[in-house]
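Enquirer: Quick one: structure below, then a few questions.
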Amino acid sequence: MTTSIHGMSARECEVWATIESSTACLVRRDWDAFFAHFHPEFVGWTSLRPTPVTLDTRRKWVPFMYASVKIIEYEVQPLSVRIYGAGTAICHYLAFKAKQRGDGSMQLEREKWSDVLLEQDGRWLIVSDSGGPVDGPATREPPG
């Protein structure tokens, strides 16, 4: 069943908590904790790259991409959380990001993501994702 955050089951809330937790780790640049949310066989495809990448590639590039920016705010908004069978889930969500560049300028970004998670040893791990910045400027304020 596709749900909104208000109608999520307890298991769907567990899945969504993984997305929120990984986002919080990204904001505070806790790379070990961030990548602990990923499955060892992760393969993902951001809109910034021409081909999918492995976890090793993601480990190299994500810290580099955030080295010269400070994330002021990063809000994720679930659009759909769906669990298939005993241990596979797909999350579709929007992300609104406010960041400060090294030169002090501010930038608002909006992104859309689809993540696939597997339940392993009682934890939900991101095994794949696809998404990235939405074309055009962030013309809408984050919800709330």
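Enquirer: For 37, 92, write out the residues from largest to smallest accessible area, computed with a 1.4 angstrom probe and no ligands counted.
Expert: 92, 37
Enquirer: Can you work out D for segment 1-76 in µm² s⁻¹ from Stokes-Einstein, where Rh is the Kirkwood radius over C-alpha pairs, the temperature is 25 °C and the viscosity is 0.890 mPa s?
Expert: 174
Enquirer: Quick one: with all protein chains in place, what share of the accessible area of the chain is carbon or sulfur, to the nearest percent (1.4 Å probe)?
Expert: 55
Enquirer: State in Å² the accessible area per residue of the chain; use a 1.4 Å probe, count heavy atoms of protein chains only, and round to the nearest integer.
Expert: About 57 Å² of surface per residue is accessible.
Enquirer: A further question on this structure: How many nm is it between the label spots at residue 98 and residue 48, if each spot is 7 Å from the Cα in line with the beta carbon?
Expert: 2.1
Enquirer: Taking R0 as 30 Å, what FRET efficiency do you get between residue 64 and residue 130 from their Cβ-Cβ distance, rounded to the nearest 0.05? Present the calculation step by step, with values, prior to reporting the outcome.
Expert: On the way: r = 20 Å, r/R0 = 0.68.
It comes out at approximately 0.90.
Enquirer: Let me ask another. Using a 1.4 Å probe on the protein heavy atoms only, what accessible surface does residue 53 show? Give it in Å² to the nearest 10.
Expert: 10
Enquirer: In what sequence, largest accessible area first, do 18, 57, 51 appear using a 1.4 Å probe?
Expert: Ranking 18, 57, 51 by accessible area, largest first, yields 51, 57, 18.
Enquirer: Another one. If you keep only loop residues by DSSP, which trypsin sites (Lys or Arg not before Pro) in segment 1-90 have at most 11 other Cβ atoms within 10 Å of their Cβ? Working shown, then result.
Expert: On the way: sites: 11, 28, 29, 58, 59, 60, 70, 82; in loops: 28, 29.
Here the sparse-neighbourhood loop sites are 28.
Enquirer: Right, something else. Which of the GluC sites (Glu not before Pro) across segment 13-43 are loop residues per DSSP, with 14 or fewer other Cβ within 10 Å?
Expert: Sparse-neighbourhood loop GluC sites (Glu not before Pro): 41.
Enquirer: Can I ask one more? Tell me, what is the Rg over Rh of the chain, with Rh the Kirkwood radius over Cα pairs?
Expert: Here Rg/Rh amounts to 0.95.
Enquirer: Something else about it: Mind giving me the FRET efficiency for residue 118 and residue 73? R0 is 25 Å, r the Cβ-Cβ distance, nearest 0.05 is fine.
Expert: It comes out at approximately 0.25.
Enquirer: If you line up the long axis of helix 10-27 against the longest principal axis of the chain, both from Cα atoms, how many degrees apart are they, to the nearest 10?
Expert: 20
The values are calculated or read from the model by the stated rules, or taken from the named source; none is laboratory data. Since the model is a prediction, treat every value here as computed from it, not as a measurement. As a convention, Cβ positions derive from the backbone with ideal geometry for all residues, glycine included, and neighbour counts pool all protein chains shown. Surface areas here come from the heavy atoms of the whole protein model, side chains and all, with no ligands, DNA or RNA. Shrake-Rupley method; radii C 1.70, N 1.55, O 1.52, S 1.80 Å.
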